[in-house]
Structures are given as structure tokens and as C-alpha cells.
Amino acid sequence: MQRDDFKKNWKEIVSGFLKLGATAYGGPAIYGILQAELQEKHQWVSKERFVEGVSLANLIPGATMTQLCMFLGYARGGFWGGLLAGLCFVLPAFGIMLVLTVIYAHLGATPIMRGGLYGLGPVVLGIFVVAVYRLSQSELSTLRQVMIALTAAAAVTFSSLGIASTLLLAAAVGILFFHSLRVGALILAVVTGFLAGASFGPWVSLSLLAPTAQATAPAQTAGLTEIGMFFSKIGALTFGGGLTIIALIQEQAVDQYHWLTHQEFIDGLALGQFTPGPMIIVAAYVGYKIAGLCGAVLAAAAIFLPSFVITLPILPIFERVRKLVWTTAAMKGIGPAVMGILVVKLGQMAPHAVPDFAAVAILIATVIALLMSRTGPVKIMIAGSVFGVLRSRFFSLPGVQQTFFMSLRARV
């Protein structure tokens, strides 16, 4: 049955995820792009099913956005659809990151890049805002669900629980609220005790990857074996998605092993912002800086491979148990928690995506366009980046920037 679904839909899966892998910017905001394109526009899955995918992707370690793509591909074309969706989402990002890395190594950052990023930021944030609004309509329909969402948002913001731990607790609360008080209370107590004993933080303890005693050691050389082991461990052991993984790469590759300087890593993050697809494709940049083209290929393969190995076997199991009474109750707790966490991510992105009034205007225009028209997110992203480039070129003309700010002060 799965093979028949795949044969029927494989062209749609390939074209859809190649397009998204080549155009979907914004890190966590890619949730919104996937929701707008595949759930809202093409109706691959329902809103509730999409939230299930987001929940599952955040509960397991690895590349969260790639795992969500595998979930959506699996829903469309079974096992092979999930495998193809993950590959088609990652490969364009790798190719673009590699090209940008080589160009950057010779030319450095260009004004066009910076201008495009300026216009792109508020657009992807607006897409994210609309996605959270649409999904929350089905996930926050009762007072209990609203309470779960607010509690999850507070836990992620003000504690060191991390996303995966918060969702585990939300699952236990869902069983308690929507299935059985006694069973839910027992599971909640067990999960709380386990998390307290394991001392889960926002990411896996750095000691799992390397001893902290070496943090001040001098720069170490790295061969292909060391690169492969390093990135495969990060891909297999890290919870919390791209931001967490990037923080861990910086902690280890820059501060501990000194494979890159801080400035080199910041340059890599800048290229990562200009690269569509998953944020952790920055691993290819790090690998290139260490060992050239072979290092880039190996680093990218090593950091994504655990996500495929972990996620693809889990998907058919999840498909079998998702309709059980206790699973349904757990998902009723996890769904609102995911909404609360996504709102927190929105708040974290906003200061960087909307630095001035022009960016705020782009954000508002994006939200209105998505809610009031059938304009696709990719077209709006292209328009935003073109606007950013034109704005940067206009402000670079002699005297324009000075005249603008003088007129602004006069009005104030």
C-alpha cells in the first residue's frame, strides 16, 4: 500500500520538497512555510495531523525541520515518500550553502546578500505568524488547552527544561486531562522524576560529546574521521532543533576544539541565514573550513544521517498507535504545548527580523496578503528579498541616507 502511494505521488513529493528546500528560509519560520504550502494550499494533511508531525519532530533528537518533512512525505507516500522528502529538502540547501561558502571564501559578504536578508526576515516571520494563528484555531479550543499552551511557553522561556522535556510533560498532562486522572497522574509523576534525575537541559549535556576539561585546550587538528564522529554525535544526541544544534556546534568546534575562530563561525551563520532549508546546514560550512569539499560533504551527511535513521523507523510505529485512546489524549496535551512553544520562537525571532519601521510594514503586508488573498508564500518571499535589495541599493546612493534621516528628525 505504501509503495502504491509512493508510485502515485512521487513526482509531487520530489517537486514539492525540492522547491521548499531551495526557497524555504527562516529557521523555525519554516514551520509556517510548510503549513502554508503543504497543509493549507495542497491539503496533504489536516491541521491536527500537521501539529502531530511538529510534535513528533520535536520529541526526537536531530534535525527537527527535516524530520517534519519526512513526516509529511510519509503521510503522502509511505516510507519511500518520507525518505525522498527528507533528501529533497536537504540536498538543495547543501548545494546552495556549498556554493555560497566557496564564493564567500573568495569575495566575502556582498551588499546584495545583506539587502536580500533584510527583506526576507519580516516575510518569513509573517508566514510564521499566520501559520501559528491557523494551527491554534484547532489546538486551543478549550480552557484546558490554553492553560497547557501558556504553561509550556513559560517553561521554555523561564526554565531549563527544553522543548523535548516540556512536550513529554505536556503528553502526561494530556493523558491526565483527557483520558484518566489516575493514569495521567502516575505518568506525570514518573516523567517528572525521570527528568529531575536525568537533569535534562535545553540540549544534551556537553559531556556526552567531549569532556569539558579540554575547553581551554589549544587548537586541534581534525581528519575526516573526527569530523564524521563529531557531527554524527551532535545529530543523534541533540534535542531542541536547529538553534540548539548550532549552539552546540559553536561550543565544541569553536570554544573547545578551536577548529574555527569566532569570527569565522559568525560568517558561517550569516551564510546560513542566506541559505534556504534547515538551519543546521551550517555544518557543511564548518566541514569545508576544516577539510575542504570532502569535509563539507561528510559533515552534512553525518549531521543529517541520524535523523533519517531515527525518524523513518518511528513513523510506521507512530501511525499504528496514534489512534489509540491514550495516544489521542497525549496528543491533545502536546498540541497546545507546541502552540505555546511556537509563540515563544516567534518572540525570539521578532527583534532580528523586524529591526525598523520598514521591516514592520513588510511584516504587516505579508500577514494581510496571506490572510486576505491566495498569494503563495514563495512569491511573497521573493518579493520581500527583491524589496530588500532595492532598498539597500537606494540607500547606498550618495546623500540619500543622510537626507532621509534629516527629514525624519524634522518630522519628529
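Being small (Gly, Ala, Ser), within 30 Å of LEU363 (Cβ to Cβ) and open to solvent by less than 70 Å² (accessible area, probe 1.4 Å): is that true of SER159 here? Outline the logic, then answer.
Values: small (Gly, Ala, Ser): yes; within 30 Å of LEU363 (Cβ to Cβ): yes; open to solvent by less than 70 Å² (accessible area, probe 1.4 Å): yes.
Considered against the rule, which asks whether it is small (Gly, Ala, Ser), within 30 Å of LEU363 (Cβ to Cβ) and open to solvent by less than 70 Å² (accessible area, probe 1.4 Å), SER159 comes out as yes.
If the requirement is being touching a residue at least 60 places away in the same chain (Cβ under 8 Å) and either of a type outside the set (S, T, N, Q) or buried (at least 16 other Cβ atoms within 10 Å of the Cβ) (or both), which of these qualifies: ILE317, ILE380?
Numbers: ILE317 fails: touching a residue at least 60 places away in the same chain (Cβ under 8 Å).
The match here is ILE380.
Could you check, for the range 331-353, whether at least one of its residues is open to solvent by less than 60 Å² (accessible area, probe 1.4 Å) and not in a helix (DSSP H, G or I)? Working first, answer last.
Taking the range 331-353 as the starting set, the residues that turn out to be open to solvent by less than 60 Å² (accessible area, probe 1.4 Å) are 331, 333-342, 344-347, 349-350, 353.
Filter again for not in a helix (DSSP H, G or I), leaving none.
No, every residue in the range 331-353 fails to be open to solvent by less than 60 Å² (accessible area, probe 1.4 Å) and not in a helix (DSSP H, G or I).
Just one of the numbered conditions (1) over 18 Å from the mean Cα position of the chain (by Cα); (2) open to solvent by less than 20 Å² (accessible area, probe 1.4 Å); (3) of a type outside the set (Gly, Ala, Ser) is not true of VAL360; which one?
VAL360 satisfies every listed condition except (2).
Which of (1) open to solvent by less than 20 Å² (accessible area, probe 1.4 Å); (2) under 22 Å from MET349 (Cα atoms) is the odd one out, the single condition ILE148 does not satisfy?
Every condition holds for ILE148 apart from (2).
Condition check: touching a helix residue (DSSP H, G or I) at 6+ places or on another chain (Cβ under 9 Å) and either without any contact (Cβ under 8 Å) to a residue 12 or more places away in the chain or open to solvent by 50 Å² or more (accessible area, probe 1.4 Å) (or both). Does ALA291 satisfy that? Reasoning before the result, please.
Details: touching a helix residue (DSSP H, G or I) at 6+ places or on another chain (Cβ under 9 Å): yes; either without any contact (Cβ under 8 Å) to a residue 12 or more places away in the chain or open to solvent by 50 Å² or more (accessible area, probe 1.4 Å) (or both): no.
Here the answer is no, as ALA291 does not meet what is asked.
Test TYR118 against the stated conditions and say whether it is under 20 Å from the mean Cα position of the chain (by Cα), of a type in the set (Phe, Trp, Tyr), surrounded by fewer than 23 Cβ atoms within 10 Å (Cβ to Cβ) and in a helix (DSSP H, G or I). Show your work before the answer.
Details: under 20 Å from the mean Cα position of the chain (by Cα): yes; of a type in the set (Phe, Trp, Tyr): yes; surrounded by fewer than 23 Cβ atoms within 10 Å (Cβ to Cβ): yes; in a helix (DSSP H, G or I): yes.
Yes: the conditions hold for TYR118.
Only one of LEU342, LEU315, LEU293 is under 17 Å from VAL51 (Cα atoms) and over 18 Å from the mean Cα position of the chain (by Cα). Can you tell me which? First the steps, then the outcome.
Values: LEU342 fails: over 18 Å from the mean Cα position of the chain (by Cα); LEU293 fails: under 17 Å from VAL51 (Cα atoms).
After applying the criteria, what remains is LEU315.
Looking at the range 79-126, which of its residues are touching a Gly at 6+ places or on another chain (Cβ under 8 Å), at pLDDT below 80 and either among the hydrophobic types (A, V, I, L, M, F, W, C) or on the phi > 0 side of the Ramachandran plot (or both)?
Result: LEU117, LEU120, VAL124.
Under 7 Å by Cβ, and 6 or more places apart or on different chains, what pairs join a residue from the range 298-314 that is at negative phi with one that is outside any helix (DSSP H, G or I) and open to solvent by 10 Å² or more (accessible area, probe 1.4 Å)?
Short answer, once both residue conditions are applied: ILE310/ILE60; ILE310/PRO61; THR311/ILE60; ILE314/ILE60.
Being at pLDDT 85 or above and surrounded by fewer than 22 Cβ atoms within 10 Å (Cβ to Cβ) is true for just one of LEU237, LEU224, LEU208, LEU169. Which residue is that?
Numbers: LEU237 fails: at pLDDT 85 or above; LEU208 fails: at pLDDT 85 or above; LEU169 fails: surrounded by fewer than 22 Cβ atoms within 10 Å (Cβ to Cβ).
When all the criteria are applied, what remains is LEU224.
Mind checking which residues of the range 125-143 are part of a helix (DSSP H, G or I) and buried (at least 16 other Cβ atoms within 10 Å of the Cβ)?
Residues of the range 125-143 part of a helix (DSSP H, G or I): 125-139, 143.
Selection gives LEU125, GLY126, ILE127, PHE128, VAL129, VAL130, ALA131, VAL132, ARG134, LEU135, SER136, GLU139.
All but one of (1) in contact (Cβ under 8 Å) with a residue 12 or more places away in the chain; (2) over 30 Å from PHE387 (Cα atoms) hold for VAL123; state the number of the condition that does not hold.
In the conditions (1) in contact (Cβ under 8 Å) with a residue 12 or more places away in the chain; (2) over 30 Å from PHE387 (Cα atoms), VAL123 misses (2) alone.
The values are calculated or read from the model by the stated rules, or taken from the named source; none is laboratory data. A quick note: this is a predicted structure, and the numbers were derived from the prediction, not measured. Ideal geometry is used to build each Cβ from the backbone, glycine not excepted, and the neighbour counts take in all protein chains shown. Each accessible area value is taken on the protein alone, full model and side chains, heavy atoms only, with ligands, DNA and RNA left out. Shrake-Rupley method; radii C 1.70, N 1.55, O 1.52, S 1.80 Å.
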